[in-house]
Amino acid sequence: MKVLIKNSEALVFPDAAGRIADHITCHQTATLGLATGGTMTPVYQELARRHREEALSFAGITTFNLDEYVGLSPDHPKSYRKDMNDRFFAHIDIDPQRTHLPAGDAPDPEAEAKAYERRIDAAGGIDLQLLGIGINGHIGFNEPSSSLGSSTRIKRLAPSTIEANRRFFERDEAMPTHAITVGIQTIMRADMIILLATGERKANAVAAMIEGPVSALCPASALQFHPNTTVILDPAAASKLALKDFYLAIHPRGEDQDLL
Ligand code: PGA
């Protein structure tokens, strides 16, 4: 893994957006794997700004999001489909037909999960996967104890995830308990992965992901086997890394210069 520790939280998001912008400028028909979660908001804002002000085009881009809550229809105010439409897709020139999320209200969610995996394969797989990480080490909704060999399926949300995501729902509103999520192996098949984490509350999960044993207790630790993953952190999220000084020596200020 390449570990980039930026000098501040504010520097994490433009770095990630710049990598995505560079990739789609060079590969105008790329397939992106996208994530939801609060960490992604400034990344999508920066990409939308580049579209508006710098003519960055998404016209040929295909996207597959990681997950969707079971039971929520695409137009449900708290569905990830609506979140992505409102927060990102409405602000860029992407063809809506090329944006994909699992259908949370599918009558047979298991069948929908399998079909979603086939849709990713039929598109030729993910070129660049954007990821956040949960405080419990999840990626997508692959909660601790997930099979590291999993593909898209239904997962029950961990209590800590329900607690962490409660802020996106109204007070007293029932939270979904299950999600359709791409699997760890689905993520591992991406050619390139960019994972972002900021804030002290992510520090334990980040340390377990990068330096811990590969273990289903921290599903993100499977990324240690991925050959092309870049992790972009702020100082707080990096604060529990045993080899922090080493990463900073290789990439001063989290800059991604040539090693030699
Ligand atoms: P967050 O979620 O960006 O809202 O912290 C990340 C995740 O749960 O993957």
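The values are calculated or read from the model by the stated rules, or taken from the named source; none is laboratory data. Worth saying up front: this structure is predicted, and the values here are computed from it rather than measured. In case anyone asks, the SASA skips ligands and DNA or RNA and just uses the protein heavy atoms, side chains included. Shrake-Rupley method; radii C 1.70, N 1.55, O 1.52, S 1.80 Å.
Of note:
- The accessible area of Arg253, taken with all protein chains in place and a 1.4 Å probe, comes to roughly 120 Å².
- Heavy atoms of His23 accessible to a 1.4 Å probe, total area in Å² rounded to 10: 20 Å²
- With both residues required to sit in the chain, DSSP beta bridges show an antiparallel share near 30%.
- For Lys6, the lysines whose Cα falls under 29 Å of its own Cα, not counting residues fewer than eight places away in the same chain, are Lys202, Lys240, Lys244.
- Measuring spread by the Cα atoms of the chain yields a radius of gyration and Dmax of 17.4, 56 Å.
- Kirkwood analysis of region 168-259, using all unique Cα-Cα pairs, places the hydrodynamic radius at 15.1 Å.
- Based on Cα contacts under 8 Å between residues 6+ apart, the chain shows a relative contact order of 26 percent.
- Probe 1.4 Å, accessible area per residue of the chain, Å²: 44 Å²
- Sulfur and carbon atoms: percent of accessible area, the chain [1.4 Å]: 53 percent
- Accessible area of Asp75 (1.4 Å probe, protein heavy atoms only, ligands and nucleic acids ignored): about 120 Å².
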